[in-house]
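Peer 1: Before I ask anything, let me first share the structure, which is written out below as structure tokens.
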Amino acid sequence: MGAERLLLEDGTGLNLVRAGTPEAGLTVVLVHGYALDHRSWHRVVAELTASGPVHVIAYDQRGHGGSDPATEETATTDQLADDLGELIERAAPQGPVVVVGHSMGGMVAMTTAERRPMLFRQRVVGTVFLATATNGLSESSLAWPKSVGKLVRELERAFGPIVRAVRDKIEPAKTAGLRWWLFGDEPRQEDVDLTAEMVWSHWPETVALFRPAVDRHDREAALTVAGERPVIAVVGDEDRLCPESNARALVAAVEDGEVVVLDDAGHMLPLERPAEVAAQILRLAAVAARRV
């Protein structure tokens, strides 16, 4: 994948990568989740580009990965939605677009539909929501990683002279906790390791900065616009953060929606079930193309 820098109108730089065929008739824009980055999509990108001509864009949202930092004022789903709208207009200025949002990325997608309805109606032919809720994830849902982060910081302060040894002891426990919380029963260890690397690289600043936006999210009304085009909500039957009921509530709020439940999968669907995720993206694109 080729890396690029997209400078937004407010001066913020976004890190994005392209794959596939830029001249293809369809662009798929992949929007990652909370405290993750574009690397969470690498398996899906490989599946999509192997399927035939398609233009794929994955990017790091403001305050994540290689993109510029966010502030208290810009760490909102409204700002991230405006970023996504600008990215579509400038990085994929022509042709139909399928937007795929994972977790918080799905919240950003539905907020973009609300804030940029004309863009959605003219350019976006369908939306795939992975492990996404119309309402923010509850405080209790993320209490475990929040508590562990606090514990780690307290231990590092208390044992400053031997901080490296403390980290060596804590890291396995942190990674094991993320594995239980975010994955199904039998994930690839390399996927767990990558997820841990992404999450802990955003700890604690980014996690704390964007947490209020995730908690406050309530965008069911935004689905009025997004739901004018086909919608697929994909969820893992072992997702502890976003259970199947959330996907069904999302689809109930749109005109043309479908729930797909993946067995033995948790919250990290782009890593756990890349082939199935790619298949749903391409299926939605094919359905949308027949209606255009």
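The values are calculated or read from the model by the stated rules, or taken from the named source; none is laboratory data. Please read these numbers as outputs of a predicted model, since none were measured by experiment. Every residue, glycine among them, receives a Cβ derived from its backbone with ideal geometry; neighbour counts consider all protein chains shown.
Peer 1: At least 1 residues that are out of contact with any His (no Cβ under 8 Å at 6 or more places or on another chain), hydrophobic (A, V, I, L, M, F, W, C) and within 22 Å of GLY236 (Cβ to Cβ) in each: list the helices (runs of 4 or more DSSP H) lying fully within the range 18-117 that qualify.
Peer 2: Per the criteria, 42-50, 104-115.
Peer 1: Now for a separate question. If you scan the range 30-71, which residues turn out to be among the β-branched types (Val, Ile, Thr) and surrounded by fewer than 24 Cβ atoms within 10 Å (Cβ to Cβ)?
Peer 2: Hits for the range 30-71 are THR49, VAL54, THR71.
Peer 1: Does LEU209 qualify as being surrounded by 15 or more Cβ atoms within 10 Å (Cβ to Cβ) and at pLDDT 95 or above?
Peer 2: Details: surrounded by 15 or more Cβ atoms within 10 Å (Cβ to Cβ): yes; at pLDDT 95 or above: no.
In short, no.
Peer 1: Further question: Can you pull out the residues in the range 89-109 that are within 16 Å of GLN79 (Cβ to Cβ) and either touching a Phe, Trp or Tyr at 6+ places or on another chain (Cβ under 8 Å) or free of Cβ contacts under 8 Å to residues at least 24 places away in the same chain (or both)?
Peer 2: GLY101, MET104, ALA109
Peer 1: Going by what's in this entry, would GLY11 be described as loosely packed, with under 15 Cβ neighbours inside 10 Å, on the phi > 0 side of the Ramachandran plot and either of a type in the set (Gly, Ala, Ser) or modelled with pLDDT of 95 or more (or both)?
Peer 2: yes
Peer 1: Scan the range 248-268 and report the pairs whose first residue is more than 18 Å from PHE183 (Cβ to Cβ) and whose second residue is small (Gly, Ala, Ser) and at pLDDT 95 or above, with Cβ atoms within less than 8 Å and a gap of 6+ or a chain change.
Peer 2: So the pair list comes out as ARG248/ALA233; LEU250/ALA233; VAL251/ALA233; GLY257/ALA233; GLU258/ALA233; VAL259/ALA233; VAL260/ALA233.
Peer 1: Within the group LEU6, LEU26, LEU16, which residue is in contact (Cβ under 8 Å) with a residue 12 or more places away in the chain, within 20 Å of ALA81 (Cα to Cα) and over 18 Å from the mean Cα position of the chain (by Cα)?
Peer 2: The match here is LEU6.
Peer 1: Of all the residues that make up the range 245-272, how many are under 17 Å from the mean Cα position of the chain (by Cα) and either over 20 Å from VAL31 (Cα atoms) or polar (S, T, N, Q) (or both)?
Peer 2: Matching residues across the range 245-272 total 1.
Peer 1: Additional query: From the list TRP181, TRP144, exactly one residue is modelled with pLDDT under 85, surrounded by 13 or more Cβ atoms within 10 Å (Cβ to Cβ), touching a Phe, Trp or Tyr at 6+ places or on another chain (Cβ under 7 Å) and assigned to a helix (DSSP H, G or I). Which is it?
Peer 2: Numbers: TRP181 fails: modelled with pLDDT under 85.
The conditions single out TRP144.
Peer 1: Scan the range 176-192 and report the pairs whose first residue is of a type in the set (A, V, I, L, M) and whose second residue is assigned to a loop (DSSP other than H, G, I, E, B), with Cβ atoms within less than 7 Å and a gap of 6+ or a chain change.
Peer 2: LEU182/GLY266; LEU182/HIS267; LEU182/MET268; VAL192/PHE183
A quick yes/no check of all residues on (1) modelled with pLDDT under 95; (2) closer than 22 Å to LEU250 by Cα; (3) not small (Gly, Ala, Ser):
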| position | (1), (2), (3) |
| --- | --- |
| ASP60 | no, no, yes |
| HIS64 | no, no, yes |
| GLU72 | yes, no, yes |
| ASP83 | no, no, yes |
| GLU89 | no, no, yes |
| GLY95 | yes, no, no |
| GLY101 | no, yes, no |
| ALA113 | yes, yes, no |
| PHE120 | yes, yes, yes |
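Peer 1: Okay, moving on. So GLU73 passes all but one of these: (1) in contact with a strand residue (DSSP E or B) (Cβ under 6 Å, 6 or more places away or on another chain); (2) free of Cβ contacts under 8 Å to residues at least 12 places away in the same chain; (3) of a type outside the set (Lys, Arg). Which condition number does it fail?
Peer 2: GLU73 satisfies every listed condition except (1).
Peer 1: Report the residue count in the range 184-204 for those that are within 18 Å of the chain's Cα centre (by Cα), part of a helix (DSSP H, G or I) and over 14 Å from HIS64 (Cβ atoms).
Peer 2: 5
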